[in-house]
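For reference, the structure is listed below as structure tokens.
Values quoted throughout were computed directly from the atomic coordinates according to the rules given, and no laboratory measurement underlies them. Bear in mind that the values here come from a model prediction, so they are computed numbers and not experimental data. When we count neighbours, we look across all protein chains shown, and the Cβ atoms used for this are built from the backbone with ideal geometry, even at glycine.
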Amino acid sequence: MDYFKKLLDLLKTEREEDHAQYRKLTEQSSVAERRANGLTWYPIAIRGSEMSRGDYLTVEVERTTHHELSHQLRAGMPAVFFGNHDPQKDRVEGTISHLNANRLKITLRTDELPDFARDGKLGIDLLFDDNSYDEMQAALKSANEILEKPEGSLVKILTGEKTPTFRTDLHPISIPKLNESQNNTLNKILSANELAIVHGPPGTGKTTTLVQAIKALSKQENKAPILVVAPSNTAVDLLSEKLSEEGLNVLRIGNPARVSERLVALTLDHKMTDHPMMKNAKTLKKQANEYRNMAHKYKRSFGKSERDQRKALFDEAHKIMKEVGNTEQYIIDDLVAKAQVITATLVGANHYTIRNVKFQTTIIDEAGQALEPACWIPILKAQKIILAGDHCQLSPTIKSNEAAKAGLSTTLLEKCVALHPEAVTLLEEQYRMNEQIMAHSSKIFYQNKLKAHDSVAKRLLFADDSPLAFIDTAGCSFDEKLDGTSSTNPDEAAFLVKHLNIFVEELKKKISTNQFPSIAIISPYKQQISILKEQVEHTPELQDILPHISVNTIDSFQGQERDIVYISLTRSNAEGAIGFLSDIRRMNVAMTRARKKLVVIGDSATLASSDFYEEFINYTQEIGAYQSAWEWM
Ligand SMILES: Nc1ncnc2c1ncn2[C@@H]1O[C@H](COP(=O)(O)OP(=O)(O)OP(=O)(O)O)[C@@H](O)[C@H]1O
């Protein structure tokens, strides 16, 4: 019982901190400041409006200037439509329903355009996303109630009160395109009655395996829809596309982060427009909008009979819209029932279109990055859960240090791996890294069980190149600095760029520019990234290959891979303080992005305080991959 009470407390702390940070960013800041922080579109112009379900008005707007500014507005987020003459008063709240480049649609909680909208000074402001927290909170409360009931067996298993069970009557199947550990995983998923856990280290084909498993599950469950969710829209998009490529009927709930034709065709909106019943709804909608436009011709200031006339027209429009709503609901139910797979984000699993739909099986991908309270939203909709991810890579970002320390950063995946090892299968063969790049990660995180597939085990940029190097800056006096709250090391950055430069010169002799390998330069420290970016961009010899180089923090590279990876560890001090570097899961992500070459630059004297780095450095010494920075000076 205390299990969910504790989570509810942690979630409350997190919500308060998140809200406080949001307020700090928005309160007392001008429109220009909020715009610079990516929270506001201003100015905007109205490009159209139409009635939508529930007597709401959907307005399409365009950002008319400042297109170069990045912003955090996304479909599904709560926002406010405001007039800048009197922003306190002139505001209507709503939800962003579509977003494409510099245009968005916002569904407002009103049935007609407010008067202030006739004035040109309009904008859209992002609101704090209370909805996600409300959904998480409600899910935790329901889970707590279910836990006390006899039928709450899945909840009891996930919280460690019961053990999962497996069918023994199934004949294992073997799919030729899957390797042995992938097939084992597939069979574990099929035989699980309540829970299976897929542990997928970097490059081991987790997505490939899940897609095949979902296909097989769909057959096993007689085509009843399977719910597939992940914490981010990007992850949901990837799975939706792959599942559809395999011929499954996929319905994507919510709005994709990326707009591709294939993906758009899977969305509910798109499928609705193709539905045979939609023509009817469209005709009705058009009629309702005509009534509404007629009503608008009567201004509020007119006499009584005009006001009555206006009201009658609005009433008629609303009546028709109700009918539209019913037809649309019918279409939605039909599409949901016919889908083999429904995909959404964790919170999107409670989208109004599927809110009351129950599933036999739910798959949570990227569970290693999912906030536990969010996982409970889809879990409550299912009888069987598949958790897939890697708890040895980055965990979800938590805003409140207090909540993180008290346990919110521990994922459900991690807890379940510890509670139910019998439900876990490890994908053991990876298709990304040269075996030398893989070895340290495999030893520290995966009990030395990872194998490099033959096609990659010996992969190199060119014959005789070395796939791994640790370059030791100890004794070079490359001292770290503190820039705000972020550590930097300008000397180390300069050294890295110089090393890269020499290596690139060598590469250019062997590989043509258009087939040039991809390069990542990674550091855990934001300010170090800025310095590195600046130096790379100002190195004349690197100009022609700049499009092949990406410089960014570790977090932004999760899930990606590059041919060459340089890591700037940055820390170098007499005290042996390594701060952020002690988060070895983050370093696991950094070190496992490289396909053919990994160069790690750091100060062994500072790093010696950590077993993780000490073992890494020892390993590079054993295989002759250790160098001193002196050799390059
Ligand atoms: N059984 C297999 N045989 C050959 N290639 C495979 C196999 N499984 C996966 N791969 C290849 O390995 C690569 C990674 O696969 P996939 O995208 O499924 O992995 P992932 O584990 O989801 O990746 P990530 O590490 O980014 O999470 C792909 O190029 C895929 O084609």
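Among LEU427, LEU99, the order by Cβ neighbours within 10 angstrom, fewest to most, reads LEU99, LEU427. The ranking of LYS162, LYS509, LYS188 by Cβ neighbour count inside 10 Å, starting from the fewest, reads LYS509, LYS162, LYS188.
When you filter the trypsin sites (Lys or Arg not before Pro) in region 192-250 for DSSP loop state and at most 14 other Cβ atoms inside 10 Å of their Cβ, you are left with LYS223. Taking label points 7 Å from Cα along the Cα-to-Cβ direction, ASN102 and SER174 give a separation of 5.9 nm.
Here the chain is treated with +1 on each Lys and Arg Cβ and -1 on each Asp and Glu Cβ, and its dipole about the Cα centre works out to around 2320 debye. Cβ-Cβ distance of LYS141 and ASP333, R₀ of 30 Å, FRET efficiency by 1/(1 + (r/R0)^6): the value works out to about 0.65. Give the shape of region 549-633 as rounded, prolate or oblate, defined through the alpha-carbon gyration tensor: a ≥ b ≥ c are the square roots of its eigenvalues, a/c under 1.5 means rounded, and otherwise the shape is prolate if a/b is larger than b/c and oblate if not. Oblate is the answer for region 549-633, as a/c is 1.5 or above yet b/c matches or exceeds a/b. For the chain, the relative contact order is 13 percent, taking Cα pairs closer than 8 Å that sit 6 or more residues apart in sequence and dividing their mean separation by the residue count.
The calculated pair-distance distribution of the chain uses every alpha carbon pair, bins of 10 angstrom beginning at 0, and gives 3, 14, 21, 24, 20, 12, 5, 2, 0, 0 percent.
Available extension along the chain between HIS538 and ARG47 is 172.5 nm, counting 0.36 nm per residue and deducting the alpha carbon span.
Extending 7 Å from the Cα toward the beta-carbon at both LYS458 and GLU575 defines two label points whose distance is 4.9 nm. Principal axis extents of the Cα atoms in region 484-633, from largest to smallest and rounded to whole angstrom, are 43, 38, 34. Label point 7 Å out from GLU112 along Cα-to-Cβ: which residues of region 270-295 have amide N under 11 Å? Answer for region 270-295: 292-295. Stretching the chain fully between THR165 and LYS12 yields a gain of 51.7 nm (0.36 nm per residue, less the alpha carbon separation). By the count of other C-beta atoms within 10 Å, a proxy for reagent exposure, ASP454, ASP603 are ordered fewest to most as ASP454, ASP603. The stretch between ASN293 and LYS219 holds 21.6 nm of extra length on full extension. This uses 0.36 nm per residue minus the Cα-Cα distance.
Taking GluC sites (Glu not before Pro) as candidate sites, keep only those in a DSSP loop with at most 11 other Cβ atoms within 10 Å, then name the longest stretch of the chain containing none of them. Here the longest segment lacking exposed loop sites spans 152-574. In terms of its C-alpha gyration tensor, region 433-557 has an oblate overall shape, because the principal axis ratio a/c (a ≥ b ≥ c, square roots of the eigenvalues) is not below 1.5 and a/b does not outweigh b/c.
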